[in-house]
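Asker: Below: one structure in C-alpha cells.
None of the figures in this text is laboratory data; all of them are computed from the coordinates on show. Since the model is a prediction, treat every value here as computed from it, not as a measurement. Don't worry about glycine lacking a Cβ; one is built from the backbone with ideal geometry, like all the others, and counts go over all protein chains shown.
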Amino acid sequence: MRVYVPTTLPGLAAAYKAGELGPGPLDAFAVTPALREWYLSDDIEELEYAALSRAAQASLRLIAGDPGAPRRRVVVALEVADREAVADPDRGLDVSGLGAVRIARPVPFAKAAAVHVDSSEAEADVAAAAAALGAADLGDDDAQFTVDGADDHELLWYATQEIPQLFD
C-alpha cells in the first residue's frame with residue numbers, strides 16, 4: 001500500500017540520516033475506503049493524489065508548529081504492507097480524517113518510493129498559510145482563503161537518490 005507521511009524539511013533530514021521514519025506511531029494518509037467513498041472516483045491516480053493532498057495539508061500544520069522549519073511542505077511516499085496502515089473505523093466520513101492512517105512502528109527509509117516537496121517559489125504562500133491556520137480553524141473565511149492558497153502550488157517529485165540535494 002502506498003502511504004503519504006507528512007513532515008518538514010528538518011524532519012526529512014533527520015529521517016534520512018537515521019535511515020527510518022519514526023518513531024512510531026506515524027500519522028500518514030492513504031487511499032482508504034472512506035476516502036474512496038467521499039471522493040467518488042475509481043481512478044487510483046486521482047485517489048492517490050487526494051491522499052497526497054491530505055498529507056500536504058498535514059505538513060502545513062507541522063510547519064506552523066515549527067517556527068524554524070523552512071516554509072516548504074514535505075511528504076514522503078512509502079510502500080508498506082496493507083496491514084501496517086490502519087484507518088480508524090470510528091471516524092467514518094469525518095472530513096478531517098479522510099484518508100488518515102496510522103503506522104504503529106518506524107518505517108525503514110528504504111521503503112520510500114519518492115519525496116514530494118514545495119519549490120522555493122511556494123515559500124511565501126506556505127508561510128502565509130501556516131500563519132493563518134489558527135484563524136482559519138476558528139472559521140475566518142479570509143484566513144481560510146490564505147490557507148487554501150498553499151494548495152495552488154504543486155509539490156515537486158524527487159526520487160529517493162535526490163533527497164540529499166534538498167538539504168544543500
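Asker: Is it the case that some residue within the stretch 86-95 is more than 20 Å from Leu26 (Cα to Cα), among the aliphatic types (A, V, I, L, M) and either surrounded by 15 or more Cβ atoms within 10 Å (Cβ to Cβ) or more than 17 Å from the chain's Cα centre (by Cα) (or both)?
Answerer: Yes; the residues of the stretch 86-95 include at least one that is more than 20 Å from Leu26 (Cα to Cα), among the aliphatic types (A, V, I, L, M) and either surrounded by 15 or more Cβ atoms within 10 Å (Cβ to Cβ) or more than 17 Å from the chain's Cα centre (by Cα) (or both).
Asker: Taking the conditions exactly as written (among the aromatic types (Phe, Trp, Tyr) and within 19 Å of Asp152 (Cα to Cα)), does Tyr49 satisfy them or not?
Answerer: Taking the combined requirement at face value, the residue satisfies it.
Asker: Here's a follow-up. Restricting attention to the stretch 33-43, does a residue exist that is among the hydrophobic types (A, V, I, L, M, F, W, C), crowded, with 17+ Cβ neighbours inside 10 Å and within 25 Å of Gly11 (Cα to Cα)?
Answerer: The answer is no; no qualifying residue exists.
Asker: Quick one: in the stretch 112-161, which of the residues that are under 25 Å from Ala81 (Cα atoms) and over 16 Å from the mean Cα position of the chain (by Cα) is surrounded by the most Cβ atoms within 10 Å (Cβ to Cβ)?
Answerer: Thr160
Asker: Could you list, ordered by first residue, the pairs with Cβ atoms under 6 Å in which the first is in the stretch 20-45 and over 19 Å from Ala56 (Cβ atoms) and the second is assigned to a strand (DSSP E or B) and of a type in the set (D, E, K, R), at least 6 apart or interchain?
Answerer: Cβ pairs passing all conditions: Pro25/Arg102.
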